[in-house]
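Structure first, commentary second.
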Protein chains: 4
Amino acid sequence: MSGNTFGKKFSLTTFGESHGEAIGGIIDGCPSNIELDLNEIQHELNRRKPGQSNIVTQRKESDTVQFLSGIFEGKTTGTPIGFIIPNENQKSKDYGHLADHFRPSHADYTYQKKYGIRDYRGGGRSSARETACRVVAGAIAKQIIQPIKITAFVSSIGNISLKKTYKELDFNQIETNAVRCPDAEFAVQMEELIKTTRKQGDTLGGIITCVVQNVPAGLGNPVFDRLEADLAKAMLSINATKGFEIGSGFSGTQMKGSQHNDYFNPDGSTKTNFSGGVQGGISNGMDIYFNVAFKPVATLMQPQEMLSESGEIITVDGKGRHDVCVVPRAVPIVEAMTALVLADFIL
Amino acid sequence: MSGNTFGKKFSLTTFGESHGEAIGGIIDGCPSNIELDLNEIQHELNRRKPGQSNIVTQRKESDTVQFLSGIFEGKTTGTPIGFIIPNENQKSKDYGHLADHFRPSHADYTYQKKYGIRDYRGGGRSSARETACRVVAGAIAKQIIQPIKITAFVSSIGNISLKKTYKELDFNQIETNAVRCPDAEFAVQMEELIKTTRKQGDTLGGIITCVVQNVPAGLGNPVFDRLEADLAKAMLSINATKGFEIGSGFSGTQMKGSQHNDYFNPDGSTKTNFSGGVQGGISNGMDIYFNVAFKPVATLMQPQEMLSESGEIITVDGKGRHDVCVVPRAVPIVEAMTALVLADFIL
Amino acid sequence: MSGNTFGKKFSLTTFGESHGEAIGGIIDGCPSNIELDLNEIQHELNRRKPGQSNIVTQRKESDTVQFLSGIFEGKTTGTPIGFIIPNENQKSKDYGHLADHFRPSHADYTYQKKYGIRDYRGGGRSSARETACRVVAGAIAKQIIQPIKITAFVSSIGNISLKKTYKELDFNQIETNAVRCPDAEFAVQMEELIKTTRKQGDTLGGIITCVVQNVPAGLGNPVFDRLEADLAKAMLSINATKGFEIGSGFSGTQMKGSQHNDYFNPDGSTKTNFSGGVQGGISNGMDIYFNVAFKPVATLMQPQEMLSESGEIITVDGKGRHDVCVVPRAVPIVEAMTALVLADFIL
Amino acid sequence: MSGNTFGKKFSLTTFGESHGEAIGGIIDGCPSNIELDLNEIQHELNRRKPGQSNIVTQRKESDTVQFLSGIFEGKTTGTPIGFIIPNENQKSKDYGHLADHFRPSHADYTYQKKYGIRDYRGGGRSSARETACRVVAGAIAKQIIQPIKITAFVSSIGNISLKKTYKELDFNQIETNAVRCPDAEFAVQMEELIKTTRKQGDTLGGIITCVVQNVPAGLGNPVFDRLEADLAKAMLSINATKGFEIGSGFSGTQMKGSQHNDYFNPDGSTKTNFSGGVQGGISNGMDIYFNVAFKPVATLMQPQEMLSESGEIITVDGKGRHDVCVVPRAVPIVEAMTALVLADFIL
C-alpha cells in the first residue's frame, strides 16, 4: 500500500537507506522445497555492485546478502525469506553539505516536499542502493521460474545505439565487456564515450533491452494486470528510468496494420513478433522483448546550481567520484524486476 | 488480484464482455459529499464512443451509463458507486465465424490458451469496449482531483507527427477536429492519411501525448509505486498500447547530464522540465507530460490469414466496418486512466 | 481497500443500497470452464430472503439475480462475473421520518459521523440487504470448492440452546422448520419464543453453528492469514454479529492441556477435535466447526427513544413490520462467507 | 497475499523462525516526522518476553530490537522501518527429536502437510516467537494513534474468572502481579492455579479482555472491513486463540432487543454500551471492549502420544521447561494487534 512492496503472490517488501546500518527485504510467497543456489544469488548481487570496472564506476562496495529465515537445510520452507545487506559506508559526514540544499533532478526536493524530512545521507531511501534488494529477490525468482530465461543488455549509451535486433546478437558476449553490450565493436565505442564524458565531468544515459525466452503462453491477468502493464510498472519503478516499450514499441506506431500483424504458423507460433510476445495482455509463447530508457546520471563532476532550503540558488562543486553512466549496472536490476513480474504470474 | 481492479484507495473494478447484456463497474473509495456532474460523466463517455465522425469510425453505439448506488440526492455518499452500461448490440450471429479460429495480433489465441474457453463474440472481454467503464470512473476521478487538469491529444498518426512541444500548442483546438490533434494543419494531414488508408483496407497506429497541469508536489509512493510507474502501468493496461515515456523519455537517453538536469528557480520550480514533473518517483509540482504508443488496429478490411482451432491456416475476408485508427478515440481513455492514478495518490 | 471487497484470489466486490435501483457485485478470480448451476445459486438466494415463513419474518421480497458477464454458454470464462439484484421496493417516502434522527444500536449515527451524509432509506448501505450479494458469490464458491460441504444451522435463539454437539444432530432436519434448527423439539421451542416475543414488540438474537466437512489439510496462510482468522473476519463482517469461536472456543479456556490436546490416530486424523479442524492456522483435515453470535434485532415494534440530528431525544413509535429474529435467515449468509474464505485459500 | 503482511495503509510484514539467526519485520506506511520513544518500544517487547516471573514461565530470552531504517535523528522519515530481533538460542540439537514426529495440537503436522518441509527447531515459523515482531510494530502504532489508549488484561485463567466489568477494575493493578489481572484477589487465585497445574505437569488457557478508550467515531470500513471484523481477524491471528467477542458478545444473544439497544444521550454518547463501541462496523466514540479466548498450552510436562512421520503412535516424555499458561504474556500482543488495526483505519 505504501509503496515498498512489489508483487502479490510472490511479493518483495524492502527497506533501507544508503547510509543506515543495513538494507534488506522480505520475500513472501516463495514456494517450499526449492533448493536455492545461494552462490548464484550472490553472483547476481555482484553484477549490480559498483567498482566492477574502472570504466563504469569508481567506488567500491562489498555487498553481501545474509539470509535470516525461510531457508532450512538449503531448501525454501514456504515461510517468508528475510534478508539483509549490511551497509559498509555509514559515515554521514561526507553528506553534511547536502543537508540543507537540493540537487537538481534528484529526489532531494520531492522527498522533502512529501515527507517534510529526509535522510539526506547519500540520497537516503531514494538512493539506487535499494535496488540491491531487488536483485536478491529477482535472483531467487529466476531460479523459480526456470526454464524461462531472462537476458538484458545495453543497447544504447548516449548517441551510440546498436542497429541489430536481438536475434542477430550473441548473448554470450554481454558479460565480456564493461558496458554489457553484446557487440564488441559497439562496446568499444560506448566505453570510449564514457571515458570522454568522464573527462568532461559529465554523464550519460542509455537504453537496456531485455529478452525473455522459453515463456509459456497464458501469463498476464487482463484487463488491468496485463503482462506488459506489470512489466512497464516494474521498469518505471527503477531509479532514473523514463520510458518503456515492448515489441514494436514507438516505432511500431508508424507501421500499417497489414505489416504489423503477426501471422500464425500452424503450431500457434507467429511468423513475425511485432507484438513482443504479448497479445491482449497475455503471453503468447513467443519471445518477450522490451526496451527501457535511462536518463543521464544527475550527479555531475562539475559545479552545478542547487536550491538551498532557504530558497537561494547556490553553486556547488562536484564532489566524490560518481558513475558516469549507470546503465550497465542496471542490467541485472532490469532482469531482476522482470523475474519478479513473471514469478508473480506463474505462481 | 485477478486483474480486474485498478487502484487501491480509489479503486475501480470492472466486468463485462462486448456482447453480454451490459458492462459495468464498481468504484470504491470515492469520498463522500461530493456533488457529481453526471452530465459531464456522460459527456466523457460520449467522447470515447465510436461513430462520432465519418473519418474516425463507422459503427454507432449509444453508451449510456446508469448509476445504481453510491449517489444520493446528487451527492456521493462514500459507499461504492455501482454502474452499468447496457450493450445494445448483443447479436452473436455475426461473430459465429470467429468461434473456431484466431485472428492475428488479437487476444483470441491467448485467451483460449489461458482460459481454455472464450466468449468469442466481438472479442468478449478483450474488446476495447471495457474501456468505457474506465472512462466513467475516470470522469468521476477528474471531478475529485480538481483543480488538477488533464489534457490528452493525438500527437502522431502513422508517420505524421507533431513537431511542436505541448507548450506551443493550443489545447482548445483538440476537440475541433476528428483526430483530436491541436494543430489544424497536421490534423488535416492525419485525416487524409486515415482516408487513404481506409481505401487500402489497412489500419494505422499513433501516439497520444498527455499533459497534467496544476499538480501538487508530493504525489507518488517510492520505491515501487512511483508516480511514473503507476502511470506506465495504467497506460500499458489500455488495449493496443506498446510504449510509454515520460518527460524526455527515450530521446533523453541521448542527452548529457549537464543538459538534462532541471535547474531550480528560487521558488522550487525548475527552469527546464526534462524530468516531466517527476523526480525520485514523486511529483515536483511541474507539469507532468508523457507519450503513449498505440499499435495499428489489428482488424483489417482485407483478407487475412488466421489460425483455426484445428491448426490450419485459413484466409478470411475482412468483414464489417472497423476503425482504421483508434488513437483519437483513445484520448479520453488515456485521460481517464491518468485521473485514476492521480486520485489514488491524492485520496 | 475501501472495505467493499472480500478475498484476494477469489474476490467479491459489492455495491448497493437497500432502496437504490439495484444491488450487485463483481466476482473476480473465478476459474474458467466451470459449469455453474444457476438454479442452485437462485435457490441459495431464496433461502436468505424475507417472507419465507410467517414465523420468521413479515415482509416479502423477490430477489432475482441477473448475471451480466463472465458466463458463456453455461460455463465460466475466467473473466469477472458481474451481477445485479434489482430492488423492488424503491419508495423512499416511508423512510422520510428517519432522515433527521438516529435509531439506537443502528448504523445511522456512525454512518453520519463517518461520511457526513447517508442514504437513510431503509438503512441504505448498512441494510442487511447487501448480504444478498454475498449469498450469490458464496453459492458460486460452494460449487467451486466441492466436495467440501458447508452446513450451518441455528443452535440457539434467545435463551433456548441446543445441548447436543453437531455430530449428534441430523442435518437433514435443518430446512424442515422455519428456524433452521436440526432438532425438532428445540425448533418448536424456538418458534414459540419468537411468537411470544413478537407479541411483546420485542426481538431476539441467537447463535449459528457452522460445520465444514471434507476439508483438505493445508488451507490457511500463517502467520496473519490463518484460516480461523479469515473465518473470524468473514463472520464479524456480517450485520449484527458480536462473536466468533472455533473448536472448543471460549469453553475450551477452562480445560487443561492434557484434556484439550487432540491426540493422533495413525492416519493423521485425531481422536478428539477440540481444535476445530485448524492447528497453527492451517486446516488439518478434520471437520471445521465454529459458532457465530448475533445480537437481538435493533428495530423494535414498540416506542423507542432516538436521537435527532439537532441533539434532542425523541420517542418514536415502532413502524412497519420487521423481523423478530434474523438468525434463521442468516444461516445461508454464514455458509456463503465460509465458502468465500475457503475458495480464496483453495484457488 | 501469502499471509505475512498485516494491514494496508499501516502495514507490518514479518519473517523469522524461532531458531534462525533473527526474526524481524518491515513497517510500511508510518507517517513521517514522528518522534518515536524507542525505550517505550523496547519496554513493550520486554513485557512479552518469557522469564519475567517464576510463576509464569521458566525460560529466559533477551529480546532486543534493532532498527535498521526509517528513523533519522530520532524521527520517522516516512520510509519503511526495518527491524530485527536477533535470536540468542540457535542451537538446534535440542529439537532433533522433533524432526520426525508431530506433537498433538501443534502446527507440526499441518505445516508438514502444507509445505512438505518444516524447520522443526522450536516450532520454526509457527513458534509464538514471531509475535515479538507484532509487539514492536504495535508499540509504534500505539505512539501514532495517541491519545487512543489500549489496555488489555487477564480476565480468566482456567476456571477462575473475574466477575466484574472493566469499569469496576483498577487498570493500574494490571502490571503489579505476574498474571496481569487487575484484581488482587483473583490474581492470587490465578497464580495458585498455575502453580498447582505446573506440579501436575499440565497447562492452562484463559481469556484476555481488551479495552480501547478515547476512540474517535468513524473508524471502520463497511461492509467487509468493519472495525470488529478486522479486530476479530487480528485476534484470531495470534497463536492459540480460539474465540473473539465484542461488546455483549455471546451472552448478548440471550438478551431482548429492548434490553440490548444502547439508547442515546443528547451528546451522541449512549447510556449503555452493549454494542462495545461499534455500530454498523464503525466506531461510535464509546469505549471498545472485547474478549479473546486462548486454549491451554499444548506442550505438556508429562508423557504424551505423538505421531511419527512413518505413521506410528509413540509416547514421548515432556522435555525442557515450558509455560504453563501463556495468557499473561499474550497481553501485550493483544494490545499490539489492536493498535495495528486502529492505526490502519486512522492513517
For the rotation that superimposes chain A on chain D, which residue of A has the C-beta lying nearest to the axis, and at what distance in Å? A:T13, 2
Once phi is turned into ³J(HN,Hα) by the Karplus curve 6.51 cos²θ - 1.76 cosθ + 1.60 with θ = phi - 60°, what whole-Hz value does each residue of region B:220-226 show in order, with x for glycine and proline? x, 10, x, 8, 9, 8, 4
DSSP loop (so not H, G, I, E, B), at most 13 other Cβ within 10 Å: list which trypsin sites (Lys or Arg not before Pro) in region D:194-282 pass both filters. D:K271
Roughly how many whole Å is it from the C-alpha centroid of region A:1-21 to that of region B:277-311? 29
Considering every residue in A:169-179, what mean count of other chain Cβ atoms within 10 Å of its Cβ is obtained? 0
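Taking only the C-alpha atoms, wrap a convex hull around the protein assembly as shown and report its volume per residue in Å³ as a whole number.
164
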Given only helices, namely DSSP H runs of n ≥ 4 each adding -39500 (n - 2.57), what is the per-residue ellipticity at 222 nm of chain C, to the nearest 500 deg cm²/dmol? -7500 deg cm²/dmol
Centre separation in Å (Cα based) which lies between region C:135-186 and region B:185-260: 57
Can you give me the convex hull volume of the Cα atoms of region D:212-297, divided per residue and expressed in Å³? 102
If only Cα atoms are counted, what is the Rg of region B:191-262, and what is its Dmax, in Å? 17.1, 49
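Normalised by the residues of chain A, what does the relative contact order come to in percent, with Cα pairs under 8 Å and at least six apart?
22
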Using a 7 Å offset from Cα along the direction of the beta-carbon, what are the separations from D:K195 to the same position in each other copy, nm, ascending? 5.9, 8.4, 10.3
PRE zone check, label point 7 Å out along Cα-to-Cβ of B:K195, amide N under 20 Å, scope region A:253-289, hits none
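What's the exposure ranking of A:T76, C:T131, going from fewest to most Cβ atoms within 10 Å?
Listed from fewest to most nearby Cβ atoms, that is A:T76, C:T131.
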Inter-copy distances for B:K271, nm, shortest first, label points 7 Å along Cα→Cβ, are 5.5, 7.4, 8.6
Chain B: longest segment with zero exposed GluC sites (Glu not before Pro), where exposed means DSSP loop plus at most 14 other C-beta atoms within 10 Å, is residues B:89-308
Inter-copy separations for A:I34, label at 7 Å along Cα-Cβ, nm, ascending: 2.7, 3.5, 4.0
Among all helices in chain C defined by DSSP H, which have a length of 18 Å or more along the axis from Cα atoms plus a Kyte-Doolittle mean of at least -0.5? C:131-144, C:184-199, C:327-346
P(r), alpha carbons of region C:5-346 - 20 Å bins starting at zero, rounded %: 29, 57, 14, 0
What's the FRET efficiency of C:T315 with C:E88 using the Cβ-Cβ distance as r and R₀ = 35 Å, to the nearest 0.05? 0.65
I'm checking a number: the convex hull volume of the Cα atoms of region A:306-347, normalised per residue, in Å³. What is it? 137
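Only the coordinates and a few stated rules stand behind these numbers; no lab work does. A quick note: this is a predicted structure, and the numbers were derived from the prediction, not measured. Backbone-built Cβ (ideal geometry, glycine too); neighbour counts: all protein chains shown.
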